[in-house]
1. Count the DSSP beta bridges whose two residues both fall in the range 626-824, then state the antiparallel fraction as a percent rounded to the nearest 5.
2. Mind checking the full-extension length gain between Lys321 and Glu596? Use 0.36 nm per residue of separation minus the Cα-Cα distance, one decimal, nm.
3. List the residues whose amide H sits under 5 Å from the amide H of Val615, counting only those 5 or more places along or on another chain, with H placed 1.01 Å from N in the peptide plane.
4. Once both axes come from the Cα atoms, what is the angle between helix 339-356 and the longest principal axis of the chain, in degrees from 0 to 90, rounded to 10?
5. Hey, for a label at Arg705 modelled as a point 7 Å past Cα toward Cβ, could you say which residues of the range 113-130 have their backbone N under 16 Å away?
6. Can you tell me the FRET efficiency between Glu420 and Thr164 if r is taken as the Cβ-Cβ distance and R0 is 60 Å, rounded to the nearest 0.05?
7. Would you mind pulling out the separation of the Cα centroids of the range 548-620 and the range 92-118, in Å?
8. In terms of modelled amide H atoms, which long-range or inter-chain residues lie less than 5 Å from the amide H of Leu83?
Amino acid sequence: MKKAILSLSFLLIITSIVAQKPQKLNTNQLYEKVQKLNFLGTALYIAAHPDDENTRLIAYLANNVKARTAYLSLTRGDGGQNLIGSEMRELLGVIRTQELLAARSIDGGQQLFTRANDFGYSKHPDETLEIWQKEKVLADVVWAIRTFKPDVIINRFNHRTPGTTHGHHTSSAILSVEAFDLANDKTKFSNQLKYTETWQPERLFYNTSSWFFRGREDDFKKAVKGFTSFDVGVYYPLKGVSNNELASMASSQHLCQGFGRLSTRGNQTEYVEFLKGNAPKDKNDIFSGINTTWNRVEGGGEIGDILYEVENNFDFVNPAKHLPALMKAYKLVQNLKDAHWKNIKSKELQEIIEACAGLYLEASANSSSATPNSTIDVNFEALNRSIAKVELSSVKLLPANKVISKNIDLTNNKRQNFKETISISNLDFSSPYWLNKEADLGMYKVDNQQLIGLPETPRPLQVQFNLIIENESITVTKDVVRRYSKRDIGEIYEPFEVLPQITTKLKNKVLIFSDDTPQKVSVAVRARAQNTSGSVSLEIPNGWSVSPKFIDFTIAQKNDLKTVDFMVSPPKNQSEGKLKVIATANGKKYTKELVEINYNHIPKQSVLLNSEAKVVRLDIKKAGNSIGYIQGSGDAVPESLRQIGYQVTEINPNEINEKNLQQFDAIVVGIRAYNTVSELKFKQKHLLEYVKNGGNMIVQYNTNRGVDVAAPFKLGLSRDRVTDENAEIRLLAKEHAILNYPNKITKEDFNGWVQERGLYFPNTWSSEYTPVLAMNDKGESAKKGSLLIAKYGKGNYIYTGLSFFRELPVGVSGAYKLFANMLSVGK
């Protein structure tokens, strides 16, 4: 029971870190920080996506070996799917970035990225590297190596097996192998050397596992003979959990991917294959032969003598007694010639000294956001909970560099509070930096070299607490935050943001006009300053019209909003374009929408996107009106169908019975519903009875992992997919109603699709089904299972792996027409 309590308390501490509450180290954690302080070795783990990382190995390196460890994820997972909400693409990338940071806060690693955009599944690294513009993403991997300076690099994937796994996976290994040599070549990517130096890692490994040898266990046993191996199942008494439990908790942070999992315990062997560099002398130690002591740094020997003594005689009851020694070491670190280790060890020592002194230092704004050229009141708290002699000499406001003298003695446990008014000068908005410019298909655009690779935008306001501890100067830097409470929640910490004075929002990112009837378009205008006045107008494509031309608004209270309505008229004929919102106040134009992402497991995120929507004048016909929709893992298809005039009711699977389905003209089952909604297997009999009695049922894609969609006839799901969104389409059932009524479907209706054609197509089915389409990626056989229809009783059962969940929300005209035909079958 005692172990369970320790594990729980540790998890609660971790949770508070993720929730952005200040880290409050207990002495066990403090001692572990001292241990890491005395290990001067660095490891970099490289893969392609959030969830690719081996948290067992990262946790082992960070917590058992005590190495400075980071995970370089080439992408932010923008091309995946979201099991917890409706955010997709760039917003999903923001969520997955924060989930990776949450995972690293648990397993002890750091997080790095490149500018690579996760454009979706890729079958071969040749395609991946072409879309990623290989030299750009290679430059980013070199930059990560030059700035993080790893002794050891470990690839998650095998660079020698192209075409056997996701093209992004293999590409991450290919790029790592190349970058291993290029990072030390001053003629390569020389523009980086304005900010860093070349670096040569000692060795490169490939982290293999039995997973890559599924069904070939004997081959795996032969392959790993002679590889470096170690047991990562070690137990950490100071934490009350094992390394595997720690790793499970870390990987469970990937909630939007459905990675919540049981923790595991016991021994587990990891294998790494040596690829390049200087081979380790001890095959069970990847750092073997690398100097990881303080002696690796010129002038580090004296520092090591002090800090090893602190580690060997650490006082868990009174860590403050180590402050004189720690301050002496800190002063010596400031004299190191090696700027890299000086910077790293200064920050680590600052954190340890702050914790040993029981210091609580905070700068909390009275609002969670402010606008440029405004002021904000910030409440400061400084508290010394040790008997050490501590003075707060001044605070320095960044980036303004304004110094405010204090000269306050921080006596034991006597809280010091004061307030300062801070001017918000012309600061950049605190939105994710990689989204500030429109991205290419394969790469985000980031001009500032020093931002590349950072997990998130540096916070806009920081405070340096300039202290004198034991007669030595030290500076502790804190982000300005917003701390407040709610009665039903308690204490809440939020990031402080700099945001535009005015943001606008359209309800829908796609506006579908199924005929030439004008539609009301509502714009929500939000002000982030008192007494804000201005006007709003819409910029529309040629051939469209809007009335009125502009609308004035006045908003008295900060953060209040006002909704204004325009009438937008489409042209007579089919047309597509962008509708943009422009707000004007005091001669300035505001064109951004604020998207706030707020989940319990990650800090609140504020994302600024262009305030715009795609407008589509679509010649579309439909039969039937009332649609029942059963959500799976979550998608925006219901709202898309409402856009073209359907009445869509989202059905609670628990409430499905024989009678309540009869009211619908068609039933649509959302993506991965049979994977994620366990109740469906008990309700399938009612759904099939509905079809048998004349209903129309559409089932969208499910993964093939242990799922039974309980179709009326034999249907075998596979991993078949067509990733080229421009792959040629062949119409197999040209005379079938699904391609002719009420809309004529031609090959042109598959133009403009995004990311992919579809995924997890069936590859076996009984003769009752009619395959409607054929398609394939380059060099592959035709895939005919993307759209299957079967007559069942009086009704129709349709199974489709086409990616309607991606196409409809971005306004692909042909996808709307085909979906309308699917809903209209038999009408």
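1. Here the share of antiparallel DSSP bridges comes out near 55 percent.
2. 94.5 nm
3. Here the answer is Leu511, Gly577, Lys578, Leu579, since their amide H atoms fall under 5 Å of that of Val615.
4. The helix 339-356 is inclined about 80 degrees to the chain.
5. Taking a point 7 Å out along Cα→Cβ of Arg705, the residues of the range 113-130 whose backbone N falls under 16 Å are 121.
6. E(calc), rounded to 0.05, equals 0.50.
7. Spelled out, the Cα-based centre of one part sits 29 Å from the other.
8. Amide H neighbours of Leu83, under 5 Å, 5+ apart: Gln257, Gly258.
Every number in this text was worked out from the coordinates using simple rules, so none of it is lab data. On a predicted model such as this, the values are computed, not experimentally measured, just so you know. Don't worry about glycine lacking a Cβ; one is built from the backbone with ideal geometry, like all the others, and counts go over all protein chains shown.
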